[in-house]
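The values are calculated or read from the model by the stated rules, or taken from the named source; none is laboratory data. Here the structure is a predicted model, which is why all the values come from computation and not from measurement. Note: ideal-geometry Cβ built from the backbone for every residue, glycine included; neighbour counts use all protein chains shown. Accessible surface is based on the protein model in full, side chains and every heavy atom, while ligands, DNA and RNA are left aside. Shrake-Rupley method; radii C 1.70, N 1.55, O 1.52, S 1.80 Å.
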Amino acid sequence: MSEAEKTNVSKWPMVKLEDVVDFIRGVTFKAEEATSVASAVGSVPILRAGNITDKGLNTRSDLIFVPDGH
């Protein structure tokens, strides 16, 4: 068992992030457009520096969402 498999406690398949998401850099938005709750339709999560660690991506806390199209 590889080290990645040992740490993948969610049992989701391990894939390259670029294979499952679109990277958009330099997103700008007004503070009032951001929310900590995803709307049912039309919002996208923003990964900030604090969400990216040497252990992986933290998508369970401190995410913000902005309307799609930014």
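The set of residues in the range 35-54 that are part of a loop (DSSP other than H, G, I, E, B), small (Gly, Ala, Ser) and farther than 13 Å from Gly69 by Cα comprises Ser36, Ala38, Ser39, Ala40. Contact map, the range 52-70: residues that are within 16 Å of Asp22 (Cβ to Cβ) paired with residues that are surrounded by fewer than 10 Cβ atoms within 10 Å (Cβ to Cβ) and aromatic (Phe, Trp, Tyr), Cβ distance under 9 Å, separation 6+ or inter-chain. No pairs are found.
Scanning the range 13-70 for residues that are open to solvent by 90 Å² or more (accessible area, probe 1.4 Å) and either among the acidic types (Asp, Glu) or touching a Pro at 6+ places or on another chain (Cβ under 9 Å) (or both) yields Glu18, Asp19, Asp22, Glu32, Asp54, Asp62, Asp68.
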